[in-house]
1. Is it the case that A:PHE92 is in contact with a Phe, Trp or Tyr (Cβ under 6 Å, 6 or more places away or on another chain) and among the hydrophobic types (A, V, I, L, M, F, W, C)?
2. Being charged (D, E, K, R) and within 7 Å of DNA strand D (Cβ to nearest atom) is the filter; apply it to region B:38-53 and report the residue that is nearest to the other protein chains (Cβ to nearest Cβ).
3. Within region B:107-120, does at least one residue satisfy the condition of being away from DNA strand C (no atom under 16 Å from the Cβ), open to solvent by 40 Å² or more (accessible area, probe 1.4 Å) and free of Cβ contacts under 8 Å to residues at least 12 places away in the same chain?
4. Test B:PRO168 against the criterion of being touching a residue at least 40 places away in the same chain (Cβ under 8 Å) and open to solvent by less than 30 Å² (accessible area, probe 1.4 Å), and give yes or no.
5. Looking at the structure I just gave you, is B:ALA125 of a type in the set (A, V, I, L, M), assigned to a helix (DSSP H, G or I) and farther than 16 Å from B:ASP188 by Cα?
6. Suppose the filter is assigned by TED's automatic domain parsing to the domain that holds A:ALA155, in contact (Cβ under 8 Å) with a residue 60 or more places away in the chain, open to solvent by 10 Å² or more (accessible area, probe 1.4 Å) and assigned to a helix (DSSP H, G or I); does A:ALA89 pass it?
7. Just checking, which of B:ARG141, B:ARG124 is surrounded by 14 or more Cβ atoms within 10 Å (Cβ to Cβ) and not assigned by TED's automatic domain parsing to the domain that holds B:THR16?
8. From the list A:GLY42, A:GLY24, exactly one residue is within 15 Å of DNA strand C (Cβ to nearest atom) and open to solvent by less than 10 Å² (accessible area, probe 1.4 Å). Which is it?
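The values are calculated or read from the model by the stated rules, or taken from the named source; none is laboratory data. The structure displayed is predicted, hence computed values, not measured ones. Here Cβ is always computed from backbone atoms with ideal geometry, including for glycine, and neighbour counts include all displayed protein chains. The protein model used for the area step is the full one, side chains on, heavy atoms only, and it has no ligands, DNA or RNA in it. Shrake-Rupley method; radii C 1.70, N 1.55, O 1.52, S 1.80 Å.
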Number of protein chains: 2
Amino acid sequence: MATTDALTPERILEATEEVLRRHGPAKATVVDVARALGVSHGSVYRHFRTKTALREAVTQRWLDRTSTSLSGVVAGSEPPETRLRRWLAELFAAKRRKVGDDPELFATYMVLVGESSAVVNRHRADLVGQLARIIHEGLERGDFAPADASPEALARAVFDATGRFHDPAYAREWGDPGIDAEFAALVDLVLRGLRAP
Amino acid sequence: MATTDALTPERILEATEEVLRRHGPAKATVVDVARALGVSHGSVYRHFRTKTALREAVTQRWLDRTSTSLSGVVAGSEPPETRLRRWLAELFAAKRRKVGDDPELFATYMVLVGESSAVVNRHRADLVGQLARIIHEGLERGDFAPADASPEALARAVFDATGRFHDPAYAREWGDPGIDAEFAALVDLVLRGLRAP
DNA sequence: CAGATGACAGATTTCAATTTTTGTCATCTG
DNA sequence: CAGATGACAAAAATTGAAATCTGTCATCTG
């Protein structure tokens, strides 16, 4: 079978994701991954130097799926304010979906957050960069007030301000009643802060 | 000795705080507290039904010291915007001081946060209430724009938005370089959102 | 008799022995 | 000879027995 024969990083990531889904981050071992692929664990180590690197690669792929989907909103043609609202709403929705659909992968992600892994930092920087692009456009068009802060600093502030609705540390609260109203109130406040008078 | 003779809740709390400071939340036992007081652990249980109740009482007292100090800012005579800025800055400063000066009590507090204890919820409600009073006054005076949200909802939004600078989950980042600039940027954004055009 | 005590049962934690896992590498194989 | 293998040492996790801790309560004491 030519398609499944070669042991590629891609195939290993696929198998690792599956193993993580089944066993969770605490129980999943490299030997499990090797077994799922029908190879020895030594072969897995040929492609990923450590177990940590493997976990990070899986998480990165998983997080990138969110970034990619959000970048569609950034590239949209609606006015910046609308895109910013949609972007924040979609980020919140995506995170909620991730907890609900993939609790084990979400737990893996939270392990990396706890270790403040480079992967998580890159993901955050990615998202803040997307925000900065929307805000930059809003400033240029005059929709947003030219505050004395740079688009990057504003983006960071918006990201921080909405942390309760995307930081995994708060995942437990995402099912609370009233959470949507609180999200709406916060987004309104932040957007009033950005908007030109 | 009349002053130290009676076994009062107050004396127990004092001793518990000391034991927690020395051993941390993981190692401190009720027997340690009793030993520090020179009584049997049964006597401690006469005043606090469980070890959890004792931990919560200590934490509550500790958190109340912050609330009380902040309520001075709420009662001040400066314009609401100034008080809001000061209140947020003092909350951030107080939390930083707490981590630095009392790491073990801070760790105890974080245990309760993890258990979403009633004490922590009361503390949060307390703080949001203080914010709401400042915001209410600002709305009445016309300094803040009468958004379609209630002072309480606005207060909650402000509290959530500034979480990175008071939620203990972020304590690790409070020493990062640039944190003060990020705090300032976020406060500016939030205050622009509140301010009347 | 109000309040303290400490023996006690059950729950939890600790610690050391054992097992499993990680990561390396000399060897093998197609 | 590129890539896979599995034996191996060191590190980490698991296990189960022993020790400690929590919470109760019958008893004691000033």
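1. Numbers: in contact with a Phe, Trp or Tyr (Cβ under 6 Å, 6 or more places away or on another chain): yes; among the hydrophobic types (A, V, I, L, M, F, W, C): yes.
Answer is yes for this residue.
2. B:LYS51
3. Just the residues of region B:107-120 that are away from DNA strand C (no atom under 16 Å from the Cβ), to begin with: B:109, B:113, B:116-120.
Then drop every residue that is not open to solvent by 40 Å² or more (accessible area, probe 1.4 Å), which leaves B:116, B:118.
This time we only want the ones that are free of Cβ contacts under 8 Å to residues at least 12 places away in the same chain, so: B:116.
There is at least one residue in region B:107-120 that is away from DNA strand C (no atom under 16 Å from the Cβ), open to solvent by 40 Å² or more (accessible area, probe 1.4 Å) and free of Cβ contacts under 8 Å to residues at least 12 places away in the same chain.
4. yes
5. Working: of a type in the set (A, V, I, L, M): yes; assigned to a helix (DSSP H, G or I): yes; farther than 16 Å from B:ASP188 by Cα: yes.
Spelling it out, B:ALA125 is indeed of a type in the set (A, V, I, L, M), assigned to a helix (DSSP H, G or I) and farther than 16 Å from B:ASP188 by Cα.
6. Considered against the rule, which asks whether it is assigned by TED's automatic domain parsing to the domain that holds A:ALA155, in contact (Cβ under 8 Å) with a residue 60 or more places away in the chain, open to solvent by 10 Å² or more (accessible area, probe 1.4 Å) and assigned to a helix (DSSP H, G or I), A:ALA89 comes out as yes.
7. Details: B:ARG141 fails: surrounded by 14 or more Cβ atoms within 10 Å (Cβ to Cβ).
None of the other options fit; the residue is B:ARG124.
8. Details: A:GLY42 fails: open to solvent by less than 10 Å² (accessible area, probe 1.4 Å).
Unique residue meeting the criteria: A:GLY24.
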